[in-house]
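Visitor: First, the structure itself, so that you have it in front of you.
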Amino acid sequence: SSGINAEYGHAGFNSGFNFNEACNFATADWIPLGRQCVDQYKEFGRYNVFSHEELLLRMVSKTDILWLDVAETLFQDLQIMVERELRERESLKQIQTEFLEFEEVPDEKRVCRVCNSTMFLMS
């Protein structure tokens with residue numbers, strides 16, 4: 001079994017019954033690209049595999065081990081995330097909304113009915 005992680009893709013080969021392990025990583029320049037990808041997925045109504053916001057917040061809990069350039073880029077994207085969240089919450093004040101406890105909602109149910117994005121904050 002072997003696998004290749006390229007800059008913009010993933011490929012693998014499996015020759016039978018075995019156990020595989022993967023180590024996925026990204027450089028600092030991936031963070032804004034991830035945000036752009038999520039935005040495009042929303043625009044086209046395409047389902048995304050995971051929440052970009054959740055990833056960012058999990059990274060914040062590990063800032064003691066992040067490289068400085070990754071931490072700086074993470075901070076910039078967190079600012080975008082917070083500004084967007086506040087703007088979207090403001091726009092929903094006129095609409096009756098229901099807020100649920102995140103942990104009580106299974107992953108497959110955390111999908112926006114409008115844009116198919118995986119919700120973590122409000123999305």
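None of the figures in this text is laboratory data; all of them are computed from the coordinates on show. Given the structure is predicted, the values throughout are model-derived calculations rather than measurements.
Visitor: Amide H neighbours of Val111 under 5 Å, counting only residues 5+ apart in sequence or on other chains, H built in-plane at 1.01 Å?
Guide: Distant-sequence amide H within range of Val111: Met119.
Visitor: Mind checking which lysines have their Cα closer than 17 Å to the Cα of Lys42? Skip sequence neighbours fewer than 8 apart in that chain.
Guide: By straight Cα distance, Lys42 reaches Lys109.
Visitor: Same structure again: List the aspartates and glutamates whose Cα lies under 20 Å from the Cα of Lys93, skipping any in the same chain that are fewer than 8 positions away.
Guide: Partners within reach: Glu83, Glu85, Glu101.
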